[in-house]
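The next block holds one structure in the form of C-alpha cells; read it before the comments.
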Amino acid sequence: MKFLKQLLPRKLKVILKKIFWFGNSYYCNVCRSHLRLLHPSGVKSNLFAELEIIGGGYSQHDNCPVCLSGKRQRLLFMYLEKTGVFTKKNYHVLHIAPEEAFTHVFQSCADIDYTCGDIDTERYPFCRNIAYVNLTEMPFADERFDLIIVSHVLEHIPDDAKALREIYRVLKPGGDAILQVPISWKTEKTFENFTITSEAEREKIFGQKDHVRIYGADYTERIKQAGFHLKLVDASELKNHLRNNKILVDDREKIIVGHKQQPL
C-alpha cells in the first residue's frame, strides 16, 4: 500500500484525501477542504497550560488530514491571503523550516521567487532546491527578500538575537518578517538557561526537548532591538474578513510581524 501511495501523483492523492475525509464539521483554508474531523497533534505538557503558552502544547483537534496544516498554519495563511502575498509579482520569499502545505502553494505562484531553507535539508523532500541555511549565518546577500517566514524556529536557537539580526540584514527595506514563536503573553520576561542541555531536562523546563527558552511578552523588545518595527495582528482581525466559521484556529494567537522601514 505504501508503495502504491508513492506512485500516485500528488494532485490525485489530494483529491482522494478530500473525498475520504469529506465532512461538514471543519474547513481548511489552506487546501480548501471540507472535513469531518481534524487530527490531534502537539506535545503533552502541563507547562503549556500553566503558563498559557500560545502556539505550543497538545490539541485534540488540530491537523488537517489532507494537507497537515494546524491551527497556527491556518491563521498564518489567513494573514498571507489578506495581505495579498500570493498575488505579488517579482516578489522574493524566504521560508525557513517550511510547512509542506504552504510550500505547494508558493511553488505554484509563477511570479514569486520562493526559497526554502533549513539546517536539515533532508526533512523537506517536497521543496524544490531547498538551501542549507543556518539562521545565525545566512548565505544570502543583504536586502535579498521581500518576505521572510520564520515560524516556530527561534525557540530552538540559542543565539536568537543574532538570528533576528540576520533576518533583518537579508530583508529588503519595506519588507516584512513573520516571526512566530510559542509565547506566554502573561509572562513578563523570557526564560532561558543555557546550562540546561539534556533533552529530558529541557522537556521538563521548556515543555519540549528541542526548545531552549520560553518566550514572554518581552519577545517584542528582542524584535525591536534587531531593528524591526513591530506589528501584531490579532486572530480576531483575520477571522473577521472570512465568512467561513468552520476554520479552526487559536483565537488567542497573534501574527507577529517585524517590518523593515524604508530609509528616510
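The values are calculated or read from the model by the stated rules, or taken from the named source; none is laboratory data. Everything numeric in this text was worked out from a predicted model, so none of it was measured. Here the Cβ is made from the backbone with ideal geometry for all residues, glycine too, and neighbour counts use every protein chain on show.
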Exercise. Residues in region 110-140 that are closer than 14 Å to Leu94 by Cα and touching a helix residue (DSSP H, G or I) at 6+ places or on another chain (Cβ under 7 Å): how many?
Worked result: 10
Problem set entry | Candidates Pro125, Pro182, Pro139, filtered to the one that is without any contact (Cβ under 8 Å) to a residue 60 or more places away in the chain and closer than 22 Å to Leu68 by Cβ | Pro125
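Hey, among the residues in region 144-169 that are touching a Gly at 6+ places or on another chain (Cβ under 8 Å) and charged (D, E, K, R), which one's surrounded by the fewest Cβ atoms within 10 Å (Cβ to Cβ)? Break it down stepwise before answering.
Start the filter on region 144-169 by keeping residues that are touching a Gly at 6+ places or on another chain (Cβ under 8 Å), which leaves 145-148, 152, 164-165, 167-168.
Filter once more, keeping what is charged (D, E, K, R): 146, 165.
Details: Asp146: 19, Arg165: 14.
Taking the candidates together, the pick is Arg165.
Which ones in region 111-143 are outside any loop (DSSP other than H, G, I, E, B) and buried (at least 17 other Cβ atoms within 10 Å of the Cβ)?
Going residue by residue through region 111-143, those that are outside any loop (DSSP other than H, G, I, E, B) are 112-118, 121-123, 131-132.
Once the filter is applied, which keeps residues that are outside any loop (DSSP other than H, G, I, E, B) and buried (at least 17 other Cβ atoms within 10 Å of the Cβ), region 111-143 yields Ile112, Tyr114, Thr115, Cys116, Gly117, Asp118.
Does Asp146 qualify as being farther than 28 Å from Glu221 by Cβ, charged (D, E, K, R) and modelled with pLDDT of 95 or more? Write out each step before concluding.
Numbers: farther than 28 Å from Glu221 by Cβ: no; charged (D, E, K, R): yes; modelled with pLDDT of 95 or more: yes.
Taking the combined requirement at face value, the residue does not satisfy it.
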Exercise. In this structure, is Leu80 closer than 18 Å to Leu238 by Cβ, surrounded by 15 or more Cβ atoms within 10 Å (Cβ to Cβ) and without any contact (Cβ under 8 Å) to a residue 24 or more places away in the chain?
Worked result: yes
Exercise. Any residue in region 237-250 that is of a type outside the set (A, V, I, L, M), touching a residue at least 24 places away in the same chain (Cβ under 8 Å), touching a strand residue (DSSP E or B) at 6+ places or on another chain (Cβ under 6 Å) and under 30 Å from Lys172 (Cβ atoms)?
Worked result: no
Exercise. Across region 86-110, which residue is surrounded by the most Cβ atoms within 10 Å (Cβ to Cβ) among those that are in contact (Cβ under 8 Å) with a residue 24 or more places away in the chain and part of a loop (DSSP other than H, G, I, E, B)?
Worked result: Pro98
